[in-house]
Amino acid sequence: MNEARDILLVAGQATAQELMARTEDPCFVHFADPYEALAAMREKRWPLVLLSAEMADFAGLCRASRRLQPDSRVLGLCHPAEEPATLELVGDGLDDYLIHPLTRRELTGLRRQGAGGAASAGEGMTTALAPAELARLVEATSSRKEVEACMAEVLAARLGTELAWFDADKVPPDAQRLAAVNHDTPRVLASARPLTLDSAAKAMIDAAVAILPTLAAAGKRTESLHYLAITDHLTGAYNRRYFYHATDRILQEAGRKNLRATLLLYDIDDFKSYNDKFGHAVGDEILRETASLMKRITRSHDIIARIGGDEFAVLFWDKERPRLSGSKPPESAEALAHRFLAAVEAHEFPSLGPRAAGRLTISGGLASFPNDGVNCRELLRKADSALKAAKRSGKGAMRIVGAD
């Protein structure tokens, strides 16, 4: 391969031909198939990766490219109409993006960015895995556990037997050890039944397992980034964006399976006065403690989010359909909401100290699916109306949509 061709371009044929026709030197290595491009990224480091927004599952391709090329520049290439969607991926796979068609200056800039020199094909890990198998592994890097499970499935399909990963000190005595890798702790890939492996099979296993630490590290980073992306930095509750996404997804499932779901919107009564009197540091601590109290009240599958300021939203939902038609779940959303109200009123907030007079209170409004709305926005509007009614009634109360 010509070492001057050190920009990996993933684009359709027409886009690639147009770019290559306008460059003074053959700096691009073009792939129209994203799976083949991912395999090329696995084989060596590319100083610059250029991804066209016209590719199917462009967002997934951007994230997979970033995982495989963590130290490279990854740029998007899009038409003006595709710019808003491409912009959302900057920082989430892409370092930056360019608008197509590129100017001569931009093309010159790309050649300079790619001039850092490409690693030779002999550097880095190589693998006997097919591009489709590698793509599966890359997509599984949301966590180390998923990467291991996917690797076991891929190799099991090759060998025609079931495989599993174990901690090194917990491998069953009758299992055949095939490979070992060291993450945070030593892990062993083993087969439940004896296998006769030729040299090619052993080389394939060794080559495949050799890339596991890199993929697992990417999975660990992905887990951390995912947590940061969906949580509120102050309270540890989910953030507004994730709440909308998760709620709409759950409501779609609730509609298909006839499940109950209720949205609670609440805020802290007269919260501004606490900030004014005690300072914002105390106000932040109140928000953290209030979110912590709600986490103790709710069930593990309920969704708690900070919507903004001192306003929080909670989606109470039943994971399974009630056993009898018309029966209520063991604890209704209304009962949980009132228990939370009482817990807040009874709680001693250490940050307020002896200067605080009376008890801190909250007010909330409840809206139910599907009667009050079929998506997150509709339920929030109705719950906000009930919340305002609770405020008018004297605060420190929970109101249900339509209640007198």
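Scanning the stretch 62-81 for residues being touching a residue at least 60 places away in the same chain (Cβ under 8 Å) and part of a loop (DSSP other than H, G, I, E, B) gives a total of 1. Just a yes or no: is a residue in the stretch 29-47 of a type in the set (Phe, Trp, Tyr) and either part of a strand (DSSP E or B) or under 24 Å from the mean Cα position of the chain (by Cα) (or both)? Yes, there is a match, as at least one residue in the stretch 29-47 is of a type in the set (Phe, Trp, Tyr) and either part of a strand (DSSP E or B) or under 24 Å from the mean Cα position of the chain (by Cα) (or both). Which one of Ala152, Ala175, Ala128, Ala164 is at pLDDT below 90 and out of contact with any Lys or Arg (no Cβ under 6 Å at 6 or more places or on another chain)? Just a single option satisfies the conditions, and that option is Ala128. Contact annotation: residue pairs with Cβ atoms under 6 Å, 6 or more positions apart or on different chains, pairing a residue in the stretch 161-189 that is within 18 Å of Leu215 (Cα to Cα) and basic (Lys, Arg) with a partner that is part of a strand (DSSP E or B) and at pLDDT below 90, are Arg187/Val181. For the stretch 352-375, the count of residues that are under 19 Å from Tyr242 (Cβ atoms), modelled with pLDDT of 90 or more and either among the basic types (Lys, Arg) or not in a loop (DSSP other than H, G, I, E, B) (or both) is at least one.
Scanning the stretch 188-214 for residues that are closer than 24 Å to Arg67 by Cβ and at pLDDT 90 or above yields a single hit, Leu189. Might you let me know whether the stretch 210-222 holds any residue that is over 17 Å from the mean Cα position of the chain (by Cα) and surrounded by fewer than 13 Cβ atoms within 10 Å (Cβ to Cβ)? No. From the list Ala32, Ala40, Ala85, Ala59, the one residue that fits, being surrounded by fewer than 23 Cβ atoms within 10 Å (Cβ to Cβ), without any contact (Cβ under 8 Å) to a residue 40 or more places away in the chain, farther than 23 Å from Arg136 by Cβ and small (Gly, Ala, Ser), is Ala85. Residues being in a helix (DSSP H, G or I) and farther than 21 Å from Phe340 by Cα are entirely absent from the stretch 382-400. For Asp167, the conditions (1) under 30 Å from the mean Cα position of the chain (by Cα); (2) surrounded by 13 or more Cβ atoms within 10 Å (Cβ to Cβ); (3) of a type outside the set (A, V, I, L, M, F, W, C) all hold with the exception of (2).
The values are calculated or read from the model by the stated rules, or taken from the named source; none is laboratory data. Everything quoted here is computed from the prediction, not taken from an experiment. Positions of Cβ are generated from backbone atoms using ideal geometry, with glycine treated the same way; all protein chains shown enter the neighbour counts.
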